[in-house]
Amino acid sequence: MGVSVQEYARECAAQGLRGDYSVCRADFTVEQKYDYSAAEQEVWRTLCDRQSKLTKRLAHKSYLDGMEALSLVDRIPDFHEVSDKLRKLSGWEIVAVPGLIPAQPFFDHLANRRFPVTNWLRTREELDYIVEPDMFHDFFGHVPVLSQPAFGDFMQMYGEKAGDLIEAGGGDMITRLYWYTAEYGLMQQAGQPKKAFGAGLMSSFTELQFAVESADAHHVGFDIETVMRTTYEIDKFQRAYFVLPSFDALRDAFQHSDLAGIVKRFKDAPPLDPAMI
Ligand SMILES: [Fe+2]
C-alpha cells in the first residue's frame, strides 16, 4: 500500500511545494481548470517561442513531428483537447496533476498510457530555472515524443515493470534508465548529426545547446546495462549523454533484456562514473 493522498499532501505542504494536493483524486490527478490568466498565457508563449527557435535546430525529427501534430505552442494547452489528438496517434493521453506525485501512482499512469502533466506554470521570474517540474517541462518536454508509438510502448512497459525492479533493489538503476532516455536522451537521425528528445533537454535553454552541439559534451552509444549502472547529475549539466539508434531499439532493449538479472548482478556494485564510460 503506497502513500495516501492526504499524507502526501501534508508532506508536500511541509516541503513548500507549490501544487495544491488537497484536491487530488485517489490516483493523484486533478481537474485541469482552464482558468489561466493573460500573464500566464504570455509566459507560456514566451517560453515556447524562445525554446522553439532552438528545438527547430536541435530536436530530433520525432519530437518535431509530435509537436506539429499536437500544435502545442500558441496557448497553454487544454489537456482534453491534446489527449484526443494523442489517443489517435499513439494511444496515450495526458492527465493533470498538482506537481510531482509518488512513484507507484506515477508508474500506474504510465502502465495505462497516461502521462501526468503539472497543471501550473512557472512565473516570468523563473523563465530560466525552476526547482520543481512545471507544465512547461512536463508538456513541452515530455508530451511531443509520446505521439511516437515505439517510445510510447517503452514508457508503458517502464510503468509496468518499474515497481518489481525497485522491489528487487533496482530503484537507482531503473531511475537512471528514465533519466538518460526520457529526460536526457539523444538519438541518431538519418544523414544528420545526433539530435535531442529528452524532456530535461527540450525544456532547458542552455543544456539543450550544450548536449547537442558542444565539443565538450560526452556522447555514448546506448547500452541498457551501461545506462542502468551509470550515475547522473541532478542540478548540473550531465557528464554523459546516451545516444539511441532509434525508439524501436529502446523499446526492444527494454522488452527483451533480462532487467531483473542486470539488477541482481550490479545492485551492490559501485556505479559507473559517466566521465569514464
Ligand atoms: Fe521530466
Check your understanding: What per residue convex hull volume, in Å³, do the alpha-carbon atoms of segment 95-224 yield?
Key -> 125
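For segment 196-236, what is one quarter of the convex hull surface built on the Cα atoms, given in nm²?
3.3
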Practice item. State the antiparallel share, in %, of DSSP beta bridges confined to the chain, rounding to the nearest 5. Key: 25
Point to revise | Calculated Rg and Dmax of segment 39-163 using C-alpha coordinates, Å | key: 14.2, 41
Practice item. Let me know the shape class of segment 84-129, please: from the alpha-carbon gyration tensor, a ≥ b ≥ c as square roots of the eigenvalues, rounded when a/c is under 1.5, otherwise prolate if a/b is greater than b/c, or oblate. Key: oblate
Exercise for review: Classify segment 25-87 as rounded, prolate or oblate, taking a ≥ b ≥ c as the square roots of the eigenvalues of its Cα gyration tensor: rounded when a/c is under 1.5, otherwise prolate if a/b is larger than b/c and oblate if not.
Suggested key: oblate
Exercise for review: Describe numerically, in nm with one decimal, the distance between label points set 7 Å from Cα along Cα→Cβ at Ser22 and at His80.
Suggested key: 2.6
Point to revise | Size of segment 151-210 as Cα extents on the principal axes (Å, biggest first) | key: 39, 24, 14
Exercise for review: Once you've got the GNM for the chain with C-alpha springs shorter than 10 Å, pick whichever of Ala13, Ala190, Ala249 has the biggest mean-square fluctuation.
Suggested key: Ala190
Point to revise | Centroid-to-centroid separation of segment 123-175 and segment 32-64 [C-alpha atoms, Å] | key: 18
**Study point:** Inter-label distance for Asp273 and Ala38, nm, one decimal - labels placed 7 Å from Cα along Cα-to-Cβ
**Key:** 5.5
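How big is D, in µm² s⁻¹, for the chain by Stokes-Einstein at 4 °C and 1.567 mPa s if Rh is the Kirkwood radius over C-alpha pairs?
The calculation lands on 68 µm²/s.
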Revision key, fill the gap. If every Lys and Arg gets +1 and every Asp and Glu gets -1 at its Cβ, then about the Cα centre segment 135-277 yields a dipole, in debye to the nearest 20, of 160
Exercise for review: Would you mind getting the Kirkwood hydrodynamic radius of segment 168-277 from its Cα pairs, rounded to one decimal in Å?
Suggested key: 14.2
Check your understanding: With each pseudo-label sitting 7 Å past Cα toward Cβ, what's the Val131-Thr46 distance in nm, one decimal?
Key -> 2.1
Study note, to complete from the structure: Calculated from DSSP helices alone, with each H run of at least 4 adding -39500 (n - 2.57) and the total divided by the residues of the chain, [θ]222 nm to the nearest 500 comes to -13500 deg cm²/dmol
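The numbers here are math on the coordinates, done by the rules we state, and not lab data. Quick caveat, the model's predicted, so the values are computed rather than measured. Neighbour counts are summed over all protein chains in view; Cβ atoms, including those assigned to glycine, are modelled from backbone coordinates with ideal geometry.
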